[in-house]
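Report on the structure given below.
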Amino acid sequence: MADTVAITDVEGGVRLITLNRPEKKNALTGAMYDAMREALEEADASERIGAVVFAGQPGMFSAGNDLADFMGRAGDGFSASPALAFIRQLARTRTPMVAAVDGIAVGIGATLCLHCDLVYASPAARLRMPFVELGLVPEAASSYLLPLRVGRLKATELLLLSQPLEADEAQALGLVNAVLPADMLLDQAVVQAARLAALPRAALAASRALIRGDQAQVEAALEAEARAFDTQLRSPESQERLRAFLTRSKPAASA
Ligand code: COA
């Protein structure tokens with residue numbers, strides 16, 4: 001099996017984390033979460049790596065959590081999942097992170113961007129957070145970070161109504177730094193990551209912490225979400241919605 005997450009260290013102290021499961025639109029499995037978490041842990045521990053770039057495949061950043069994996073998790077729940085371990089690491093990573101988003105970015109594919117220091121998107125980028133539609137709740141501290149960034153009313157459209165966000169609107173809302181042609185996207189993300197990596201490390205770390213605000217609040221939010229997510233993942237309404245997606249059928253009216 002080809003690596004579903006490719007980790008490449010490129011010039012300029014930049015670590016590239018490339019999602020590589022195109023046949024499933026880069027939906028994330030437990031093994032992929034573990035690979036991404038380890039890549040971030042290593043980046044924080046390394047003096048050589050100064051920034052991380054997340055990238056997907058042409059036209060697809062990520063379809064979010066693998067929904068088959070989720071269905072199978074109803075027993076174990078979300079608390080012990082590789083997804084939550086990744087999310088915890090994502091929120092506490094000290095190495096600057098940059099996202100290069102081309103095409104679909106669903107669920108964690110979108111909420112991951114809220115933790116990135118810089119976000120670049122192609123004109124085809126389309127962010128969507130259909131947690132509630134799936135009988136679930138927001139994750140990765142998005143219920144806290146998104147209202148802070150775009151206001152509570154817009155966050156309600158995005159998180160409760162699962163309204164999609166096109167690249168231009170995401171930029172207008174301040175969720176994306178720039179919209180770039182797809183063939184320039186990754187290069188620009190790597191260039192900007194290398195610029196971050198070249199800055200004096202202590203000054204960068206201190207400034208980054210100041211810009212990012214209250215870390216304890218972010219972690220408290222993601223833990224509160226995780227408890228609610230765990231409950232919902234075990235619920236008949238979410239199991240029915242996940243089943244409906246996987247069997248390409250309509251969910252039962254009661255769910
Ligand atoms: N989990 C598991 N499999 C997924 C997936 C996911 N999140 N997203 C896509 N796939 C799979 C599909 O089941 C399909 O597999 P198959 O070819 O074996 O049937 C394959 O990837 C291609 O997906 P498809 O739906 O045919 O592609 P599309 O271009 O028409 O639509 C999406 C792409 C991402 C819009 C659509 O697949 C989708 O809505 N996925 C679910 C996203 C989601 O809800 N994520 C979780 C958020 S919490």
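Tally up the residues in region 59-105 that are of a type in the set (A, V, I, L, M) and free of Cβ contacts under 8 Å to residues at least 60 places away in the same chain, please.
Adding up the residues that qualify gives 8.
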> Of everything in region 108-138 that's aliphatic (A, V, I, L, M) and touching a strand residue (DSSP E or B) at 6+ places or on another chain (Cβ under 7 Å), which residue is nearest to the ligand (Cβ to nearest atom)?
Replying inline: Ile108
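Could you list, in sequence order, all residues of region 5-17 that are β-branched (Val, Ile, Thr) and touching a helix residue (DSSP H, G or I) at 6+ places or on another chain (Cβ under 9 Å)?
Initial filter on region 5-17 (β-branched (Val, Ile, Thr)): 5, 7-8, 10, 14, 17.
Correct list: Val5, Ile7, Val10, Val14, Ile17.
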>> Would you confirm, using the coordinates I've provided, whether Leu196 is in contact (Cβ under 8 Å) with a residue 60 or more places away in the chain, among the hydrophobic types (A, V, I, L, M, F, W, C), closer than 18 Å to Cys116 by Cα and surrounded by 14 or more Cβ atoms within 10 Å (Cβ to Cβ)?
In response: yes
> In region 127-143, what residues are under 14 Å from the mean Cα position of the chain (by Cα) and surrounded by fewer than 21 Cβ atoms within 10 Å (Cβ to Cβ)?
Replying inline: Arg128, Pro130, Ser143
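Here's the yes/no breakdown for (1) surrounded by fewer than 16 Cβ atoms within 10 Å (Cβ to Cβ); (2) in contact with a strand residue (DSSP E or B) (Cβ under 8 Å, 6 or more places away or on another chain); (3) acidic (Asp, Glu):
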| position | (1), (2), (3) |
| --- | --- |
| Leu145 | no, no, no |
| Leu160 | yes, no, no |
| Leu175 | no, yes, no |
| Gln188 | no, yes, no |
| Asp214 | yes, no, yes |
| Gln217 | yes, no, no |
> In region 149-193, what residues are in contact with an Asp or Glu (Cβ under 7 Å, 6 or more places away or on another chain) and in a helix (DSSP H, G or I)?
Replying inline: Ala182, Leu185
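The numbers here are math on the coordinates, done by the rules we state, and not lab data. Predicted model, so just to flag it, every value in this text is computed and none were measured. Positions of Cβ are backbone-derived with ideal geometry, glycine not excepted, and every protein chain shown enters the neighbour counts.
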